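The structure appears below as structure tokens.
The values are calculated or read from the model by the stated rules, or taken from the named source; none is laboratory data. From a predicted model like this one, the values you see are computed outputs, not experimental measurements. All Cβ positions, even for glycine, are placed from backbone atoms using ideal geometry, and neighbour counts span all protein chains on display.
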Amino acid sequence: MPIRVLIVDDSALIRKLLTDFLASDADITVVGTAPDPLIARERIKELNPDVITLDIEMPKMDGLSFLQKIMSLRPTPVVVISTLTQKNADATVRALELGAVSYVSKPLVNIGNGIAELAREIIEKVKEAAKARVSARTARPATAPIIFDHRLSSEGRIVAVGASTGGVEALQVLITALPANAPGVVVTQHMPAGFTASFARRLDEKCAVTVLEASDGLKVMPGHVYIAAGNRHLEVVRSGATYRTRLHDGEPVSGHRPSVDVLFNSVALAAGSNAIGVILTGMGHDGAAGLLEMHRAGARTLGQDEESCLIYGMPKSAKLIGAVDREVPISRMAQEILM
């Protein structure tokens, strides 16, 4: 059955453009469009779409407020398509926290040169969203950080985490549960340039640990989380008795930059059995081979379980090749890391 899509955008031109893009794929059917959230609400009830594309900035009700209502009352995979995904990274990160599956930058005035690439990206993101396991979002109480026994030294230990689609929400659950004396954590989340600083800043406001966007040459310290900068690979290198971050602009690996495989391979080499590898929700296989290298180097390796994944792709790929020691629900991942 074709994927049934509802397009919600206040611009008639963009609605037409998105309809043409999506209708060009035989696996997708555009069942309707809506110029604002109030009309969209009725169309959702009437048409029961599989996926909704949603602008953030609209009349009568802003897209973030509408997204919150969708995810609490009628959970449906949502792809945010808005100029604000470039102009306002905070809004994009907030949309992902609220349950949006993915995002695409809306075309601006001159889109002629990149129109084919844009069409491919939108089709890909809609197909990815159709596979997501969305569930009702309710107000979640703030997570109290786990108590980490101070007698257990976090010096010399390092945790490497990889995530993609659904990772913003999963990382929020994991990192807010870490105590201030947790081992140093390095994270690769598939995210373009311009978003990771905002993501790190929002996490830092909510966490006992210090969260920052990684820059080159930082010492990896306990109680700190380092998020790979968008469009740059993050690696960990040994520096005497410590670890340091290294960023570079190498070619995409496993289809991504930053790549989880790049991070995991570097941690396997630098830290060996002093590391813990964690692979979270996401489409595809990035991180599976790298996690296997960590496993072979003596690291403990964990995968997010299928039930708690938005998309059980990356953890499944890692499990199938024997890279995962143990699968854990995201709600218990921090506790498992600190065992």
Legend entry - Qualifying position, being in contact with an Asp or Glu (Cβ under 6 Å, 6 or more places away or on another chain) and either part of a loop (DSSP other than H, G, I, E, B) or at pLDDT 90 or above (or both), among 69, 60, 45, 16: 60
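Would you say residue 194 is surrounded by fewer than 23 Cβ atoms within 10 Å (Cβ to Cβ), in contact (Cβ under 8 Å) with a residue 24 or more places away in the chain and either more than 23 Å from residue 314 (Cα to Cα) or in contact with a strand residue (DSSP E or B) (Cβ under 6 Å, 6 or more places away or on another chain) (or both)?
Numbers: surrounded by fewer than 23 Cβ atoms within 10 Å (Cβ to Cβ): yes; in contact (Cβ under 8 Å) with a residue 24 or more places away in the chain: yes; either more than 23 Å from residue 314 (Cα to Cα) or in contact with a strand residue (DSSP E or B) (Cβ under 6 Å, 6 or more places away or on another chain) (or both): yes.
Here the answer is yes, as residue 194 does meet what is asked.
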Inset, instruction - From the list 10, 25, pick out the single residue that is modelled with pLDDT of 95 or more and assigned to a loop (DSSP other than H, G, I, E, B). - result: 25
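Among the residues of the stretch 30-40, are any assigned to a loop (DSSP other than H, G, I, E, B) and assigned by TED's automatic domain parsing to the domain that holds residue 96?
Filtering the stretch 30-40 down to residues assigned to a loop (DSSP other than H, G, I, E, B) leaves 35-36.
From what is left, the residues that are assigned by TED's automatic domain parsing to the domain that holds residue 96 are 35-36.
There is at least one residue in the stretch 30-40 that is assigned to a loop (DSSP other than H, G, I, E, B) and assigned by TED's automatic domain parsing to the domain that holds residue 96.
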Inset, instruction - Please indicate, with yes or no, whether at least one residue in the stretch 189-197 is in the same structural domain as residue 277 (by TED's automatic domain parsing), modelled with pLDDT of 95 or more and outside any loop (DSSP other than H, G, I, E, B). - result: yes
Legend entry - Hits in the stretch 202-246 - residues which are without any contact (Cβ under 8 Å) to a residue 40 or more places away in the chain, of a type in the set (Lys, Arg) and not in a loop (DSSP other than H, G, I, E, B): 219, 238, 244, 246
Inset, instruction - For residues that are surrounded by 15 or more Cβ atoms within 10 Å (Cβ to Cβ) and under 21 Å from residue 176 (Cβ atoms), tally how many sit in the stretch 304-326. - result: 6
Legend entry - Number of positions in the stretch 167-189 that are within 24 Å of residue 125 (Cα to Cα), touching a helix residue (DSSP H, G or I) at 6+ places or on another chain (Cβ under 7 Å) and not hydrophobic (A, V, I, L, M, F, W, C): 4
